[in-house]
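Engineer: Dumping the structure here so I can ask a few things about it.
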Amino acid sequence: MRPESGQVLHFSEDPTITVFEPHVAATSKYAEAYVWAVDASRAPDYWFPRKCPRAMAWTVESTTEEDRSWLGGERVHAIEYSALEWMRTVELFAYRLPADDFEPFGDYHHCHVSTRTVRPLGPAERVGDLFALHEEAGIQLRVLPNLWPFWDRVIATTLGFSGIRLANACPPGQAPEVIQSETGCIRST
């Protein structure tokens, strides 16, 4: 599931959105209200339940042979074991949005924002089997007991990387005791 030419995508678990209004997301570091979308190169970052923690790494031109060898592939996405059933059962949807309504966000050329109301180009499309999407794209999906050792290693390398919803991951050094809810992975205490 990637956007076509002239499009960007917004992923959601809600298939009923008919209009996107700019807003300040609860997890945003930015005060301005936006409609967020992604381009084709980073659409795979969102082939997950919306609130699922994930750590992602990929090779870039300046990646050293040592880091390339450690990663073991061109692109790797990592989740915790507690997210497996969630990944298998989530109903994820993508909205195709007109790219002309968006502009790249700062240095993040794959993220696109609009400060105006945006209407989808059509109804929400079911994304489908998230494991199959990863396989078809040649992206390794690693399942780990805890994301933090992988993340700590990745951010000290020459790899490209991104972490999304890491606040929902099990705390560093703790065995995962996570339950699934409609709102995402919640750490039990």
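None of the figures in this text is laboratory data; all of them are computed from the coordinates on show. Since this is a predicted model, take the numbers as computed values, not measurements. Virtual Cβ from ideal backbone geometry, glycine too; neighbours counted across all protein chains shown.
Engineer: Tell me the label only: which of (i) 0.94; (ii) 0.96; (iii) 0.98 is Rg/Rh (Cα atoms, Kirkwood Rh) as calculated from this structure?
Structural biologist: Looking at Rg/Rh (Cα atoms, Kirkwood Rh) for this model, the match is (ii).
Engineer: Test of understanding: ordering THR18, THR63 by Cβ neighbours within 10 Å, fewest first, what list do you get? Each step should come with its number before you reach the end.
Structural biologist: Numbers: THR18 9, THR63 19.
Ascending Cβ contact count within 10 Å gives the list THR18, THR63.
Engineer: Sticking with this structure for a sec: Which of the peptides 92-105, 26-39 is most tightly packed, and how do the rest follow, going by the mean number of other Cβ atoms within 10 Å of each residue? Show your work: numbers first, answer last.
Structural biologist: Numbers: 92-105: 18.3, 26-39: 14.4.
Order by mean packing, descending: 92-105, 26-39.
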